[in-house]
Structures are given as C-alpha cells and as structure tokens.
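Chemist: Below are the structure tokens for one structure; questions will follow.
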C-alpha cells in the first residue's frame, strides 16, 4: 500500500468515525504537535554525531542531596582561623536563604574538620574522606565552580536532570537515547538504578522520564532482586515459546492497524515488545555476577556483593556499558546534611568512595575509559555557615546553589585538572563559573553532539536540553 493511500485512509476513517465531524478536525489541528510522530526534528538526527565523539557512552553517578564541597573537594584552610565567627554581610550580600535558615539571627562560619592533602602528579587536593577518589586524581577533572538556579532539592534535581526546574521536560538520558540510540539490540539505550536503603529525599521516575519525547526514550529502571525489570518475566505457566507465539500474533495485529492508520506509535509499540522479549534473556545474564573474578569484588568493595547497593550498581553499570548501553545513571540519596554533617558525610563517603574510584579504574584497565564518560556530583552544594549546633566536631550546613563541586573522568576529559575557583568562604564563585546548561553542553560535546542542534519540536517550538543557554567548557577537554 502506498504511503499517500495510508494518509487517505487515516483521514477517511478519522472523519467518518467522528461523531462531531469538522469540530473534531479543528481540534485535531490545534493539537497536531502533541500527536505521536508530530515532530519535524527527526531529519536533523541524520547528522548525529555532529563531529567525531570522544565518548561513546556515559555513566552519571548522581549524589542526591547536595554533597558538601568544602568538606570534600574545595579546601578552605583559612576558615579554621575564623571558625565560629559571623559570616561577613559582604560575602552573603543579601542572597536568598532556604526556609530552614532564613529565621536564623546568627550565621557562624564552620570550618571543615577534615584534612586535605595533595595527590597524584597533578597535586589535586582531596579530603581525607575520599582516599580512593584521591587515588585516581590524575584521571579526573574537578569542577569547583558549578552553580545552579534552584535552592531546594526537587527543582534543583529536576533542573540538573532535564535542564529545566519544572517537571515535564525530557531527561538528559532520554535526549541521548533519542539522539544517539543504543549500541545494543538486547538492552535499552538508557538504564537507571537507585541505591537501596540510602535514605534521603524522594526521587521520582520523571527524573529519568522522556517528557514530550516518545516514551521509548525514557530510562528503564533496574531493581535488585529476582525481578530486575518490572513486568519483564513471563507469568507462571507461560513459557518462552508461548511468549514468542503471542508476540508474533500481536505484531501481526498491530501491523494491520498500522497499515490502516499509519500511526508511528504502533511501530514503536511493536519494537518495545520485541526489546522486552530480548531482555528476558539478556537481563539475567547481566545480573549474574558469578563470572566476575574475586579481584573485581575486592576492587569495588565488600558491598559489591549486595544487590541494590551503590557498589553493586557501579559494577552493573560497567557491565551495562560493556553491552552497548548508551547512558547509565546511578542515583544515591542521603547527602542532605543539615545537622551532624561530619558523621553523616563520612558514612556517605564510605558507601560511595571506593566503588566510584573502582569504576574508573575498572574501565581504564579494560580499555574503555578513553571512550566512556563518568560524572560524579549532586544538585547543589552546602553553606559555609552553620545550621544547628556548632562545635569543632559537630556542625550542619544548609543548601547552597551559589557554588558546588563535581568531577568528570574519561571520554575526552582532561585528567588531573581543577577548573574554576570560589572565594575564601566557598560561598561565591571567583573564577570561571559553570552553569548546569554549560555542563550539559560540554557532556553532549564530548559525545559528539552540538547541543544547539539536538532539538525536538513540541507545541510549535523546537526544544533542546540546554534550552537557549549553554557553552562548552573547552578547558575541560583533553
């Protein structure tokens, strides 16, 4: 059947089957951009990658809650001399506060109790809480001048994941799945894992959702336990051969419907059913770690044998990218330390430091780090002034969007580099600010994508991950 016949059939069935005739037709024209397949941006994807990529894939280790930059990556030794003294008004300069500290009448500075030392040939400084990360100092680039527009968790996380503070936009992983696709026929392009038992702020599935992109580009969440992907297993008494026959018959019916209406969503549905069928065989092989040698578990740490732990998820992330998954995102909660920060921060670092560094080392020894981009960081930083009780050993810190730190490794990143600087209080950026949009533009660039050209038309406008902002930070490129 010719394509123009498809369109005639679609129009004929639409009008003849509509009880409201031309009124519904008018409504359909108003909603045209919202209908499946309404995007006119697809032809632009033929040019991707826009230039030779340094990275083929990305693993994003997202630390939800806001890790304290001056206790981990941004040493401020001068604060020890003014510990407990009021933060000068000239530093805060009337900047907004959260509702948790806005009523405070005193803003005493809290020096970090943790010691910083230099590591590697690059001499990068890391907190004593990160001995394993310090061991890969020459592989990573630390960005100390990140900043964001949002001061509370949900909009800040949403902004960092989607490029917009309000829910509804596609996540970065979905943009990558849409633009670059997957290198594997047996796994989706975008996989998400959330550490079990990490506590902290809730994380919603929209953070890895596809927004207004077709749903096949949303992240697929892997879980610990007997059913890593929900609804993937066959019902009791339903064999794999039964499933194959069922899918073949269902696909035949769907193709008949597609021939009648020409709706691309029907083709997408067939593809998703087939992907689920292949994953029934590929996922059990992926999650069976019995083939991993003992030295790998030792490298990732004792928790790597516990399904659902951060360490186990880091190991699975390596196995996923080995099998062609384009984007893997790990979420680890519990970094929101408004009080008792020294003890609680040490606990978080113990859960994540060894496995994060092991992932980088593991990729490198397998020859994969050079084309795998690894990112570690949260949604914002913490304040230099104390929230709650203050002693030399005990203090808390509030949310701080003005500056925070993260690190990148592999995939064309300049290892052993420290980019950007904050003032003596780690409160304001002193050199080379990097916005969330700049970060996204840089990550896309490393993956061979011009962030200005990866677009999707929705409701009459061409949207992109970086909205109308963003500049590539060339100084971070090798």
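Chemist: With within 18 Å of the chain's Cα centre (by Cα) and either buried (at least 22 other Cβ atoms within 10 Å of the Cβ) or under 22 Å from residue 88 (Cα atoms) (or both) as the only criterion, which of 391, 422, 442 stands out?
Modeler: 442
Chemist: Further question on the same structure: Looking at (1) over 20 Å from residue 127 (Cβ atoms); (2) touching a strand residue (DSSP E or B) at 6+ places or on another chain (Cβ under 8 Å); (3) not in a loop (DSSP other than H, G, I, E, B), find the lone condition where residue 352 falls short.
Modeler: Here residue 352 clears every test but (1).
Chemist: Same structure, new question: Hey, among the residues in region 456-471 that are in a loop (DSSP other than H, G, I, E, B) and modelled with pLDDT under 95, which one's nearest to the chain's Cα centre (by Cα)?
Modeler: Across region 456-471, the extreme among qualifying residues is 467.
Chemist: Within region 61-110, which residues are free of Cβ contacts under 8 Å to residues at least 60 places away in the same chain and surrounded by 15 or more Cβ atoms within 10 Å (Cβ to Cβ)?
Modeler: 75, 82 - these are the residues of region 61-110 that are free of Cβ contacts under 8 Å to residues at least 60 places away in the same chain and surrounded by 15 or more Cβ atoms within 10 Å (Cβ to Cβ).
Chemist: As an exercise: evaluate residue 211 against (1) surrounded by fewer than 17 Cβ atoms within 10 Å (Cβ to Cβ); (2) more than 18 Å from residue 307 (Cβ to Cβ) and give the number of the one condition it does not meet.
Modeler: Exception for residue 211: condition (1).
Chemist: Shifting gears a bit: Got a sec? Which of 381, 420 is over 29 Å from residue 206 (Cβ atoms) and in contact with a strand residue (DSSP E or B) (Cβ under 7 Å, 6 or more places away or on another chain)?
Modeler: 420
The values are calculated or read from the model by the stated rules, or taken from the named source; none is laboratory data. From a predicted model like this one, the values you see are computed outputs, not experimental measurements. Neighbour counts are summed over all protein chains in view; Cβ atoms, including those assigned to glycine, are modelled from backbone coordinates with ideal geometry.
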